[in-house]
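Colleague: Could you have a look at this structure, given as structure tokens, before my questions?
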Amino acid sequence: MKQVTFLIADGVLKPSCLFNAIEVFEKANEFLEQTTGQSYFDIRLTGTNLQQRLANGLFSLQVAPLDTIGKAGIIILPSFAEQDDYAIGKNREALDWVINQFSAGAEVASLCTGTFLLAATGLLNGKPCATHWKAAAYFRRLFPELELHTNKILTDQQGVYTAGGALSSLNLALYIVEKYCGREAALYCARVLQIDIERDSQSPFIMFEGLKDHKDNVIRHIQEFIEQHIGDRLTVDQLAVHCSMDRINFTRRFKKATQLSPADYVQRVKVEGAKRLFESTDQQINEVMYKVGYIDVKAFRQLFKKIVGMTPGDYRNKFSKVA
């Protein structure tokens with residue numbers, strides 16, 4: 001039997017992320033009881049605050065003290081909604097407990113923004129990780145040294161797992177079920193809970209919002225200029241001149257503020273514009289391409305797939321609002 005311990009840390013917990021993941025392990029046990037006569041996962045909840053309030057106090061969870069858990073098999077850190085530090089400052093005792101359990105052989109997983117807590121333990125140092133794409137910019141500011149992959153649904157390295165967005169937590173739970181109980185058990189969970197088990201990227205769901213949460217007004221102005229001239233062919237030299245800077249200083253300053261090079265930023269803005277047109281109009285791919293400032297169909301398709309994770313046609317088929 002494998003003990004799965006959900007760490008109910010102090011903070012504003014996202015209950016859907018927690019309960020959905022628990023349900024995957026419960027369904028795995030249901031399948032195993034039907035096929036082998038016994039369950040595999042021993043599901044537990046622990047924390048320092050033994051009565052954690054959820055959903056603005058509408059209900060609460062009673063959890064076991066940390067020192068009653070013994071040796072944990074897999075520790076799972078659910079998602080938090082506090083963007084000041086995603087509950088890191090409130091949970092030093094709990095994070096020390098995670099570090100000690102990992103040193104004793106436990107595996108550790110984070111769900112969605114639970115990656116912030118996991119990063120604070122130091123266990124992600126030198127390992128790839130994922131979190132919800134909407135929290136990525138803040139994560140990079142807090143942990144600039146870590147290897148964050150916003151396109152990934154999940155990561156797994158040396159007993160440390162992370163999941164991207166909230167529902168990606170279901171894919172991580174399925175991944176763990178398949179790892180320990182086999183493909184058939186994971187498929188049963190996916191079918192019963194109607195989860196897309198083959199989903200492997202957050203990229204199609206990312207909404208590029210411009211990364212304007214910085215204090216450089218000059219760079220913010222040029223970001224707005226780029227968005228207002230989405231159909232123009234903008235070069236880095238042109239943007240630098242617009243800011244009255246040389247190319248090198250402009251590029252350095254732009255990347256410091258936005259975490260992207262000017263060229264990458266322009267591409268992301270244009271692809272986001274193309275996504276919106278595919279969602280809301282029935283315009284052909286060539287028409288959309290011209291409207292966002294591209295003239296080479298092959299280059300546009302390659303760029304779109306690189307950023308979004310699927311072709312323009314596949315994206316339209318999946319997300320178009322036009323009948």
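The values are calculated or read from the model by the stated rules, or taken from the named source; none is laboratory data. Predicted model, so just to flag it, every value in this text is computed and none were measured. Glycine also receives a Cβ, built like all others from the backbone with ideal geometry; neighbour counts cover every protein chain displayed. Note: accessible area is taken over every heavy atom of the protein model, side chains too, but ligands, DNA and RNA are not part of it. Shrake-Rupley method; radii C 1.70, N 1.55, O 1.52, S 1.80 Å.
Colleague: Rounding to the nearest 10 and keeping the result within 0 to 90°, find how far the Cα-based axis of helix 15-35 lies from the longest principal axis of the chain.
Modeller: It works out to around 50 degrees.
Colleague: Excluding ligands, DNA and RNA, what is the solvent-accessible area per residue of the chain at a probe of 1.4 Å, expressed in Å²?
Modeller: About 48 Å² of surface per residue is accessible.
Colleague: Could you rank the peptides 139-151, 101-113 by their average count of other C-beta atoms within 10 Å per residue, with the highest value first?
Modeller: So the order, starting with the most tightly packed, is 101-113, 139-151.
Colleague: Would you calculate, for the chain, the mean residue ellipticity at 222 nm contributed by helices, counting each DSSP H stretch of 4 or more residues as -39,500 (n - 2.57) and dividing by all residues, to the nearest 500?
Modeller: Helix-only estimate at 222 nm: -14000 deg cm²/dmol.
Colleague: For a quick protection proxy, order the peptides 242-251, 120-129, 168-177 by their average other-Cβ count within 10 Å, most packed first.
Modeller: 168-177, 120-129, 242-251
Colleague: Which residues does the label zone of I99 cover in the stretch 136-163, counting backbone N under 14 Å from a point 7 Å along Cα→Cβ?
Modeller: none
Colleague: What's the carbon and sulfur percent of the chain's accessible surface, probe 1.4 angstrom, rounded to a whole number?
Modeller: So the carbon and sulfur contribution to the accessible surface is 49 percent.
Colleague: Moving to a separate point now. For the stretch 119-254, what mean projected area does the convex hull of the alpha carbons give, in nm²?
Modeller: Mean orientational projected area (the stretch 119-254, Cα hull): 10.9 nm².
Colleague: Rounded, prolate or oblate, given the Cα gyration tensor of the stretch 1-47, with a/c below 1.5 counting as rounded?
Modeller: oblate
Colleague: Hey, could you grab the Kirkwood Rh for the chain? Inverse mean 1/r over distinct alpha carbon pairs, Å, one decimal.
Modeller: Computed over the chain, the radius equals 21.6 Å.
Colleague: Over the chain, what is the percentage of antiparallel beta bridges among all DSSP beta bridges, to the nearest 5?
Modeller: Just about 35 percent of them are antiparallel.
Colleague: At R0 = 30 Å, how high is the FRET efficiency between E147 and E26 if r is their beta carbon distance? Nearest 0.05 is fine.
Modeller: So the FRET efficiency works out to roughly 0.35.
Colleague: Could you name the lysines in cross-link range of K152, using Cα to Cα under 21 Å and dropping any fewer than eight places away on the same chain?
Modeller: Cα-Cα hits under 21 Å: K14, K127, K134, K179, K275, K305, K306, K318.
Colleague: If I fit a long axis through the Cα atoms of helix 168-181 and take the longest principal axis of the Cα atoms of the chain, what angle between them do I get, 0 to 90°, rounded to 10?
Modeller: 50
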